[in-house]
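Following: one structure in structure tokens, then a few remarks.
The values are calculated or read from the model by the stated rules, or taken from the named source; none is laboratory data. None of the values given here were measured: they were computed from a predicted structure. Here Cβ is always computed from backbone atoms with ideal geometry, including for glycine, and neighbour counts include all displayed protein chains.
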Amino acid sequence: MADIRDRAERALPPPRTAFANIVQHEPYPVESKAREIVQRLKSGGITRFLLLFKGNRTRSEVVATFLAILELCRAHIIRLAGSETDCTVKQEQELPENLTL
């Protein structure tokens with residue numbers, strides 16, 4: 001009987017608490033990433049699209065970077081130019097203080 005109980009316990013998935021320190025959701029705010037991108041463009045001028053993702057450590061940060069680029073393009077603050085393989089990013093205007101993304 002104990003053998004059956006042991007097998008049944010092994011078939012259950014581990015509790016969520018077992019993953020508490022391993023798998024964590026780390027949200028990255030799009031607005032702070034947008035401000036970071038504009039700061040990088042102010043100091044460095046034109047940059048390559050893929051370089052904006054350099055240094056991103058998490059999937060959440062990569063997604064936030066991409067969404068920030070889209071929002072900044074939509075607000076006409078940055079402009080993308082070039083081809084699919086050689087795209088550059090240029091700042092068109094200053095980032096307004098009251099901009100919400």
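Observations
- Answer from Ala75, Ala34 - the residue that is of a type outside the set (Phe, Trp, Tyr) and free of Cβ contacts under 8 Å to residues at least 40 places away in the same chain: Ala75
- Subset of the stretch 69-101 (residues that are more than 19 Å from Glu31 (Cβ to Cβ) and either modelled with pLDDT of 95 or more or not in a loop (DSSP other than H, G, I, E, B) (or both)): Arg79, Leu80, Ala81, Gly82, Cys87, Thr88, Lys90
- Scanning the stretch 44-68 for residues that are in contact (Cβ under 8 Å) with a residue 12 or more places away in the chain, over 17 Å from Thr85 (Cα atoms) and in a helix (DSSP H, G or I) yields a total of 7.
- Hits in the stretch 46-101 (condition: polar (S, T, N, Q) and either buried (at least 16 other Cβ atoms within 10 Å of the Cβ) or at positive phi (or both)): Thr47, Asn56, Thr65, Gln91
- Residue among Ser32, Ser43 that alone is loosely packed, with under 10 Cβ neighbours inside 10 Å, at pLDDT below 95 and among the hydroxyl-bearing types (Ser, Thr, Tyr): Ser43
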